[in-house]
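The structure appears below as structure tokens.
The values are calculated or read from the model by the stated rules, or taken from the named source; none is laboratory data. The shown structure was predicted, so the numbers you read here are calculated from the model rather than taken from an experiment. Neighbour counts run over all protein chains shown; Cβ positions are idealised from the backbone, glycine included. Surface areas here come from the heavy atoms of the whole protein model, side chains and all, with no ligands, DNA or RNA. Shrake-Rupley method; radii C 1.70, N 1.55, O 1.52, S 1.80 Å.
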Amino acid sequence: MADLYAVIGNPVVHSKSPLIHLEFSRQTGQDIGYEALPAPEDAFTAAVAGFRQRGGKGMNVTVPFKLEACKISSHLTERASAAQAVNTLSFNTREIFGDNTDGVGLVRDITVNREFSLGAKRILLMGAGGAARGVLLPLLEREPRVLTIANRTRQKAAELQQQFSRYGNIVSGDYADLKGEEFDLIINATSASLKGELPTLPPGIFAARSMAYDMMYGNEYNLFLQHAERQGAMRLANGTGMLVEQAAESFFVWRGIRPKTAPVIEMLRKIGG
Ligand code: ATR
């Protein structure tokens, strides 16, 4: 019988993960099953236990369960521990291994697919919630000149600065503090665009060479990317590449094989990613 994996979340019906992983499995000849598993908000642990009883080998975890997945893990990788969130679970008969592939997925999309090196660059990370926390360590490992965390609630940015300062050069503040600064890479890790909103950014932070990256998947030109384009940024990216790259890293964690991501990114773009 094929090894079984799943993505668990609420809602999960629109998840592209089953499509991506089945494509990886076809490409690599790895015989796996992969399903979308919805779980009630208060029944994550029971849903995981049920899946393990059916012989499940691993799971991707999405909103709103990444924190809970971290808590039920008996072992955490450093990147999951720093993120305080888990998006990849692996099971054996007794233990649960928690990992987080989101940050590596973002970094690989930027540095490999888009050939944009992060070393010695000035990076702005917008937001200080779970999405921002999940990518900080892999970004800092690329040794940018400075990584500025800006958040509407300044205190939350300051807390992240404090927690991650041992990994690199971090500055924090709110959006008004960015006045007069310019960045090579501006990453939107806020959930503002979900509500049709955009943090108020001072003019001048985007240069023509800058890349604007929205971690949100799909919807190629959301408010943030439209704003970046109007402000002169020539390189715009949404989260489709990150989505596929984090999935590829999970596949590697489970199967020890790295699938090719370019054809899968292309396929998602064609169907509206
Ligand atoms: P996630 O896990 O997706 O990061 P979160 O922890 O709720 O979700 O964090 C959402 C992030 O988006 C926060 O940084 C939030 O800013 P605050 O900490 O000030 O709340 C940010 N955000 C959401 N809506 C926003 C808006 N309209 N303008 C600016 N920032 C916004």
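What is the distance in Å between the Cα centres of region 227-265 and region 146-198? About 22 Å separates the Cα centre of region 227-265 from the one of region 146-198.
Once you have the Cα-Cα distance between ILE271 and ASP3, take 0.36 nm times their residue separation minus that, and quote the gain in nm to one decimal.
93.7 nm
Dipole orientation for the chain: of the candidates ILE32, TYR167, ALA212, TYR167 has the Cα lying most toward the positive pole (charges on Cβ; Lys, Arg +1; Asp, Glu -1). Computed from point charges on the beta carbon alone (+1 for Lys and Arg, -1 for Asp and Glu), the dipole magnitude for region 126-186 about its Cα centre is near 220 Debye.
Here the accessible area is traced with a 1.4 Å probe on the protein chains. For region 103-238, carbon and sulfur cover 47 percent of it. Within region 1-153, what percent of beta bridges assigned by DSSP are antiparallel, to the nearest 5? Bridges in region 1-153 that DSSP calls antiparallel: roughly 25 percent. When the alpha-carbon atoms of region 1-82 are used, the pair Rg, Dmax equals 13.0, 37 angstrom.
With r as the distance between the Cβ atoms of ASP42 and LEU19 and R0 = 25 Å, compute the FRET efficiency 1/(1 + (r/R0)^6) and round to 0.05. Please report the intermediate quantities before stating the final value.
Details: r = 28 Å, r/R0 = 1.13.
Efficiency at R0 = 25 Å is approximately 0.30.
Loop-located GluC sites (Glu not before Pro) in region 29-109 (DSSP state not H, G, I, E or B) with no more than 14 neighbouring Cβ atoms inside 10 Å: GLU41, GLU95. With respect to the cross-link table entries LYS71/LYS156; LYS66/LYS156; LYS71/LYS260; LYS16/LYS71; LYS195/LYS270; LYS66/LYS270, which display a Cα-Cα separation exceeding 27 Å? Beyond 27 Å: LYS71/LYS260; LYS66/LYS270. For region 93-116 versus region 33-73, the spacing of their alpha-carbon centroids is 19 Å.
A cut-off under 12 angstrom between Cβ atoms defines the neighbours of GLU23, and their net charge, with Lys, Arg +1 and Asp, Glu -1, is +2. Residues in region 15-23 carry Karplus couplings, in order, of 4, 8, 4, x, 4, 5, 5, 5, 5 Hz; the curve used is 6.51 cos²θ - 1.76 cosθ + 1.60 with θ = phi - 60°, and Gly or Pro positions show x. Here the scattering of region 73-189 is modelled by Debye summation over its C-alpha atoms, one equal scatterer each and no solvent; at q = 0.10, 0.11, 0.14 Å⁻¹ the log10 of I(q)/I(0) is -0.31, -0.37, -0.57. The value given for the chain is a Kirkwood hydrodynamic radius of 19.1 Å, derived from the mean inverse Cα-Cα separation. For the Cα atoms of the chain, what angle does the longest principal axis make with the long axis of helix 240-255, in degrees from 0 to 90, nearest 10? It is inclined by approximately 40 degrees. Electrostatic bookkeeping for PRO202 treats Lys and Arg as +1 and Asp and Glu as -1; over the other residues with beta carbon under 13 Å from its beta carbon, the sum is -3. The mean accessible area for residues of the chain, using a 1.4 Å probe and ignoring ligands and nucleic acids, is 45 Å² per residue.
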